[in-house]
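What follows is a short report on a single structure.
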Amino acid sequence: MASPTLHPETMHHTLKLKEIVVDYCPDVCTHSPESDEIVVVFDERGGARWRSKTRFQFGTFSAQIQCPKGNTSGLNFNIYLSSLEGDKTQDEIDFEFLGKDKTIVQTNFFMSGTGNQEKIHKLEFDCSDGFHNYEIKWTRELIEWSIDGKLVRREERKDREGFPEKPMFLYASVWDASYIDEGCWTGPYFGCDAPYVCRYKDVRVPAIAMEEN
């Protein structure tokens with residue numbers, strides 16, 4: 001895998017994400033480049049997970065997201081970076097919405113499979129009421145999470161400690177997480193307002209991607 005040279009003045013240049021890969025349940029995930037929208041539905045068929053076709057190493061990632069309406073207890077909807085979903089040694093940087101409360105969002109990051117860096121942020125809105133912009137800015141030395149242009153969290157690399165630095169895909173998914181921690185994390189799942197629809201538009205990724213071998 002070739003690593004491009006990233007200069008400070010170009011590191012955060014972005015382009016719209018034009019192509020995605022759907023990892024599972026493609027029948028509940030649609031991508032329309034013409035309308036610039038990705039839609040994930042959760043119903044009796046389950047949900048879906050999509051990702052970028054290539055990995056990126058550092059840069060700015062963002063999306064306008066309208067989370068599902070109704071009683072979403074039990075569900076997790078998100079946008080995040082990961083070196084490889086399902087790999088126990090992954091690096092990862094997260095925005096995760098916890099269905100039991102649509103006025104909060106959780107941020108987290110992983111280094112070689114170790115997380116435990118969760119923080120909960122109170123939103124100034126219900127995340128299902130309309131589109132809002134969620135942005136992750138990632139460099140070798142820091143991570144910044146912003147919502148609608150407002151910085152909500154900043155983490156800097158510390159001496160002699162690990163930090164996310166593996167090339168990562170951009171991922172997003174909607175899934176039933178009610179079994180985790182006996183429902184304490186996202187709440188119990190009721191499904192009374194299914195189907196649940198999560199919309200992503202104006203998804204932006206770094207202009208420079210890694211070359212996949």
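Going by a 4.7 Å Cβ-Cβ cut-off, which cysteines of the chain have no partner at all?
Among the cysteines of the chain, those whose Cβ sits 4.7 Å or more from every other are C25, C29, C184, C192, C198.
Modelled label-to-label distance, E156 and E144, 7 Å Cα→beta-carbon offset: nm?
Computed distance between label sites E156 and E144 equals 1.3 nm.
Taking a cut-off of 16 Å between Cα atoms, list the aspartates and glutamates near K16, but don't count ones fewer than 8 places away on the same chain.
Cα-Cα hits under 16 Å: E34, D36, E37, E135, D202.
Please find, in a Gaussian network model of the chain (springs between Cα atoms separated by less than 10 Å), the residue of P164, P68, P188 whose mean-square fluctuation is greatest.
Top of the fluctuation ranking is P188.
Taking R0 as 22 Å, what's the FRET efficiency between D36 and D126 from their Cβ-Cβ distance, rounded to 0.05?
After rounding, the FRET efficiency stands at 0.40.
Taking the inverse of the average 1/r across all pairs of different Cα atoms in region 14-206, what Kirkwood radius in Å do you get?
Taking the inverse mean of 1/r over all distinct Cα pairs, region 14-206 comes out at 16.7 Å.
Once amide H atoms are built 1.01 Å from N in the peptide plane, which residues 5 or more positions from F56, or in another chain, come under 5 Å H to H?
M168, F169, M210
Over 26 Å between Cα atoms, which of K69/K122; K102/K150; K100/K201; K102/K137; K119/K150; K102/K158 qualify?
Checking Cα-Cα distances, K102/K158 exceed 26 Å.
What does a probe at D202 reach in region 147-171, counting residues whose amide N is under 18 Å from the point 7 Å along Cα→Cβ?
Only 147-152 pass the distance filter.
Would you look at the GNM of the chain, springs on alpha carbons closer than 10 Å, and say which of H12, H132, H121 moves the most?
H121
Return the long-range amide H neighbours of V152 (sequence gap of 5 or more, or a different chain), with a cut-off of under 5 Å between placed amide H atoms.
Hits under the 5 Å cutoff: W145, S146, I147.
Using a 7 Å offset from Cα along Cα-Cβ at I104, what residues in region 169-196 end up with backbone N under 17 Å from the label point?
177-189
Whole-Hz Karplus ³J(HN,Hα) for region 84-94, in order, using 6.51 cos²θ - 1.76 cosθ + 1.60 and θ = phi - 60°, x for Gly and Pro?
5, 4, x, 7, 6, 10, 6, 8, 7, 9, 10
Label region 73-157 by shape, choosing from rounded, prolate and oblate, from the square roots a ≥ b ≥ c of the eigenvalues of the Cα gyration tensor; if a/c is under 1.5 it is rounded, and otherwise prolate applies when a/b is larger than b/c, oblate when it is not.
oblate
Which FRET efficiency, nearest 0.05, do T114 and K53 yield, Cβ-Cβ r, R0 25 Å?
Approximately 0.35, to the nearest 0.05.
No value in this document is a laboratory result; all are computed from the given coordinates. Predicted, not measured: the structure shown is a model, and the values here were computed from it. Counting neighbours? That spans all protein chains shown, and the Cβs are built from the backbone with ideal geometry, glycine included.
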